[in-house]
Amino acid sequence: MAAIRGREIDLQMTDPGTPKLPSGMWCQLRATRDRPDRDLIWVDRRTSPFARTVVACHEFGHMICGHDPQPTREAVAEPWAVAQLAPRLSLDPAQISAVIGRCGEPYEPGSTEWQREREAELTGRILAQHILDPDRVRPRGLLRVLMGRS
């Protein structure tokens with residue numbers, strides 16, 4: 001996926017220290033002096049390996065479907081929750097607020113946002129089914145990371 005997108009993909013799992021955050025998110029990060037443009041997929045470590053795989057696959061589903069993070073309302077996420085997660089991911093709290101602000105927003109069935117989430121969910125499920133195929137000899141790549149074996 002990184003080769004297709006032409007950007008690094010950084011998959012991180014941390015315990016956000018609060019239950020008020022989503023189980024995963026995807027951010028597109030602009031280049032800094034130290035790092036090139038990259039994608040960040042964050043998954044809550046407190047979930048099971050299976051759930052982490054499904055959540056990460058949903059976020060990869062957005063990439064596969066060609067979605068871009070959508071503009072969101074400012075300061076929707078609770079400031080104290082964002083303040084706890086930001087240092088763990090080396091992000092600016094505003095970046096996290098923009099992404100997390102979408103979580104839990106009710107999307108009107110059939111709306112553009114609803115269609116995007118549905119498309120990412122279906123694509124992510126197909127990807128997860130492939131990754132979690134019981135006929136595989138051993139976990140590889142993404143699954144090794146999500147199971148904490150990297």
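What to note about this one:
- Matching residues in region 42-61 - criterion: being within 14 Å of the chain's Cα centre (by Cα) and closer than 19 Å to G17 by Cβ: W42, V43, D44, R45, T47, A51, R52, V55
- Any chance I9 is touching an Asp or Glu at 6+ places or on another chain (Cβ under 8 Å), crowded, with 16+ Cβ neighbours inside 10 Å and at pLDDT 90 or above: yes
- Residue in region 52-67 that is modelled with pLDDT under 90 and either surrounded by fewer than 16 Cβ atoms within 10 Å (Cβ to Cβ) or not small (G, A, S) (or both) present: no
- Failed item, numbered, when G66 is tested on (1) in a strand (DSSP E or B); (2) on the phi > 0 side of the Ramachandran plot: (1)
- Selection from region 37-51 of residues that are surrounded by fewer than 19 Cβ atoms within 10 Å (Cβ to Cβ) and in contact with a strand residue (DSSP E or B) (Cβ under 8 Å, 6 or more places away or on another chain): D37, R38, R45
The values are calculated or read from the model by the stated rules, or taken from the named source; none is laboratory data. For clarity, every value in this text was computed on a predicted model and none was experimentally measured. Glycine gets a Cβ as well: all are built from the backbone with ideal geometry, and neighbour counts include every protein chain shown.
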